[in-house]
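Q: Sharing a structure below in structure tokens format, with a few things to ask.
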Amino acid sequence: MSKLPQIDPATATGAAAELLAQVQKSLGVTPNMTKVMANSPALLKGYLALSGALGGGVLPAAVRERLAVATAEANGCEYCLSAHTYIGANIAHVDADELELARSAESNDPHAAALLALSNAVLATKGAVDDADLEAARQAGVTDAEIGEVVGHIALNVLTNYFNILSQVDNDWPVVTPRVTV
């Protein structure tokens, strides 16, 4: 059971009600994570703003979902691993083998593999990526815009991973268990 209460969209008021209605309208569902985030409308608003901004970036949905899977696996976040495995398969149409590879920050697609390797290096070094890792990404065709967005997606995914782990949000997705748990 969640350590923070879920805010019921039917009884929410003020900013929480407006933000939860926005989530329902844009996704067609109101995931438990957003109901718990609604305890702090500022947090939910910030999450939605960053998610929306990055969703309009240069990285396609299939890559964004792989990055989210890799980060959730690295952080041991069952909720996010479950959500992004489902979204990756059913909305971004990422092949099941690719989603499995993403758990290890790998891909059969060379460009996606370079982005995942860079993301993994950023996570492992807390941003202090060495020149060789950055050069390897550039040699694989990774652009400066993509490098920036990789960091943005790490920030977004670490936010949701840590929030869900701390809050123990009830998982409303088909469960995928991380290999390493917190």
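The values are calculated or read from the model by the stated rules, or taken from the named source; none is laboratory data. This is a predicted model, so every value here is computed, not measured. Glycine also receives a Cβ, built like all others from the backbone with ideal geometry; neighbour counts cover every protein chain displayed. All accessible areas refer to the heavy atoms of the entire protein, side chains included, with ligands and DNA or RNA removed. Shrake-Rupley method; radii C 1.70, N 1.55, O 1.52, S 1.80 Å.
Q: Looking at PRO110, VAL129, ALA15, which one has the Cα that reaches farthest to the positive end of the dipole of the chain (charges on Cβ: Lys, Arg +1; Asp, Glu -1)?
A: Ranked along the dipole, the leading option is ALA15.
Q: Would you mind computing Rg(Cα) / (2.2 N^0.38 Å) for region 49-133, counting N as its residues?
A: 1.04
Q: While we're on this one: Taking each pair of distinct Cα atoms in the chain once, what is the resulting Kirkwood hydrodynamic radius in Å?
A: That comes to 16.7 Å for the chain.
Q: Right, another one. Send over the semi-axes of region 15-67's equivalent ellipsoid, whole angstrom and largest first, taken as the square roots of 5 times the C-alpha gyration tensor eigenvalues. Show your work: numbers first, answer last.
A: Working: eigenvalues 93, 26, 20 Å².
After scaling each eigenvalue by five and taking roots: 22, 11, 10 Å.
Q: On the accessible surface of region 55-182, probed at 1.4 Å, how many percent belong to carbon and sulfur atoms?
A: 56
Q: Between VAL180 and ALA96, what length comes free when the chain is fully extended (0.36 nm per residue of separation minus the Cα-Cα distance, one decimal in nm)?
A: Contour length minus the Cα-Cα distance gives 28.3 nm.
Q: Normalised by the empirical 2.2 N^0.38 Å for globular proteins, what value does the Cα Rg of region 129-169 take?
A: Cα Rg divided by the expected 2.2 N^0.38 Å: 1.55.
Q: Also, quick follow-up: If one puts a single equal scatterer on every Cα of region 1-104 and applies the Debye formula without solvent, what log₁₀ I(q)/I(0) results at q = 0.11, 0.14 Å⁻¹?
A: Log10 of I(q)/I(0), two decimals: -0.37, -0.60.
Q: For the chain, list the DSSP H helices whose alpha carbon atoms reach 27 Å or more along the long axis and whose average Kyte-Doolittle value is 0.0 or above?
A: Sorted by number, the helices that extend far enough and score high enough are 144-167.
Q: Another question, then. Roughly what would the spin-label model give for HIS111 and LEU134, points 7 Å off Cα along C-beta, in nm?
A: Going by the 7 Å Cα→Cβ label model, 2.2 nm.
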